[in-house]
Structures are given as C-alpha cells and as structure tokens.
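Step one of this worksheet: look at the structure below.
The values are calculated or read from the model by the stated rules, or taken from the named source; none is laboratory data. Not measured: the values here are computed from a predicted model. Neighbour counts run over all protein chains shown; Cβ positions are idealised from the backbone, glycine included.
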Amino acid sequence: MTTASHFRLHRTVVLVGMMGSGKTAIGRSLAASLDVSFVDSDAAIEEAAALTIPEIFARDGEAFFRKREAEVLRRLLSGPPGIVSTGGGAFLAVENRDAIAEMGVALWLDADLETLWERVRHKDTRPLLRTDDPHATLTGIYHDRKGIYALAGLRVPVDGAASIDETTQAVIQMLLSRPEILEKTT
C-alpha cells in the first residue's frame, strides 16, 4: 500500500451516498491513507447538539436537523483539505451541493440496493428506517436519491464483497485521475 507521505490533497473530498454505502468507514480509511483529517458530519452535529441524530429528529424534526447539517458542512469545508463523510440526506439540499462544489468535491460511493440492505438491516440507528417495512422504505429512498447522488463530481462503484481497503484504493485511484484534487508527490 502506498504511504500517506506520497500524496497531496488540494480539495476537501466529501463522501456522499446512501446510508450503508460506507461513507464513514471509507472516509476514515481514506483520511489515514492520505494523512489528512477526517470528520463525520453526523458525529460533528451530535457533538454540537449533545444529542444523537435520532434524538435530534425526534425532538426537533428533520427540518431543524437539515439546517444544522448545512451549517456544520460549510464549517467543515472551510478548513484545510481533508475527508468529510456526510449523512445520506446531506447532498439532497441544493445549498449543500453548491457549498461542496465551491469549496471541495463530492464523491459518490455508489452501492447497490442489495448491498445497502445487507449493511443496514440489523441497525436501529437509522431514523428514516424506523417504519413498518424498512426494506420498502430503503428501496423508496434509494430510488428517490440516486439521481441526485449522480450529480456528484466523482463516482466510485461500491462492490459489496470488497474490503474497506480495496474500496479505499479504488477511491484513491479515482482521485489521482484528477490532479487538481489529489496528486502523488514522489
């Protein structure tokens, strides 16, 4: 594996995509590989609010959460280049897409519905899936959002059988194809 000292990141990379696509796991791995900072925007929101995302949704509603999410995302984009993972709904807002395009680059981790379902079906931390039929809900969200995620500047297909390291390496190769974003230094 290539060591971090061999890369220079020029723009913050914002990982977007569905819940379960691997944004946080790949984000952590990518940041470590590139020796840059990593922030999960949902974790930053939870820290600022001293509440979990489900608690924020229950207490204040989705609109309140989305407003805080936009504020946190803009703050994270204003720092030095790093890796940011977002919640599945963050990229839906035009305001967030515009901020990402202006101050960073969006990279869509494009996982298929079967992979997503396998990854989220046993978790109770997804407020949008707290329904009578979470699979149908996930399917609807997937079809509603796929076209918006396709607006991201970059796309990496996620193979459900690939390891975190394999997916991270695919992301690095994609980023290296754009030297204004990432370059090898040696």
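Quick one: how many residues across region 22-77 are assigned to a helix (DSSP H, G or I), among the β-branched types (Val, Ile, Thr) and in contact with a Pro (Cβ under 8 Å, 6 or more places away or on another chain)?
Initially, region 22-77 is screened for residues assigned to a helix (DSSP H, G or I), giving 23-34, 41-49, 53-77.
Filter once more, so that each one left must be among the β-branched types (Val, Ile, Thr): 24, 26, 45, 53, 56, 72.
After this cut, where a residue has to be in contact with a Pro (Cβ under 8 Å, 6 or more places away or on another chain) as well, the list is 53.
Qualifying residue count, region 22-77: 1.
Going through region 1-21 one residue at a time, which ones are among the hydroxyl-bearing types (Ser, Thr, Tyr) and outside any helix (DSSP H, G or I)? Give the derivation first.
Let us first name the residues in region 1-21 that are among the hydroxyl-bearing types (Ser, Thr, Tyr), namely 2-3, 5, 12, 21.
Across region 1-21, the qualifying residues are Thr2, Thr3, Thr12, Ser21.
May I ask you to list the residues in region 21-51 that are in contact with a strand residue (DSSP E or B) (Cβ under 7 Å, 6 or more places away or on another chain), of a type outside the set (A, V, I, L, M) and crowded, with 21+ Cβ neighbours inside 10 Å?
Hits for region 21-51 are Ser21, Gly22, Lys23, Gly27, Ser41.
Do you know which residues across region 95-122 are touching a Gly at 6+ places or on another chain (Cβ under 8 Å), over 20 Å from Leu182 (Cα atoms) and surrounded by 14 or more Cβ atoms within 10 Å (Cβ to Cβ)?
To start, the set of residues in region 95-122 that are touching a Gly at 6+ places or on another chain (Cβ under 8 Å) comprises 101, 105-112, 114-120.
Of the ones still in play, those that are also over 20 Å from Leu182 (Cα atoms) are 110-112, 114-120.
Those that are touching a Gly at 6+ places or on another chain (Cβ under 8 Å), over 20 Å from Leu182 (Cα atoms) and surrounded by 14 or more Cβ atoms within 10 Å (Cβ to Cβ): Asp110, Ala111, Asp112, Thr115, Leu116, Trp117, Arg119, Val120.
Give the number of residues within region 63-94 that are under 21 Å from Asp144 (Cα atoms), under 18 Å from the mean Cα position of the chain (by Cα) and exposed (fewer than 15 other Cβ atoms within 10 Å of the Cβ).
Of the residues in region 63-94, 2 are under 21 Å from Asp144 (Cα atoms), under 18 Å from the mean Cα position of the chain (by Cα) and exposed (fewer than 15 other Cβ atoms within 10 Å of the Cβ).
List every residue pair whose Cβ atoms lie under 6 Å apart, where the two residues are 6 or more positions apart in sequence or sit on different chains, the first residue falls within region 157-184 and is within 16 Å of Ile26 (Cβ to Cβ), and the second residue, located anywhere, is of a type in the set (Ser, Thr, Tyr) and at pLDDT below 95.
Pairs found: Val158/Ser21; Gly160/Thr115.
Just name the residue that is modelled with the lowest pLDDT out of those in region 112-141 that are within 17 Å of Gly89 (Cβ to Cβ) and of a type in the set (Val, Ile, Thr).
It comes out as Thr125.
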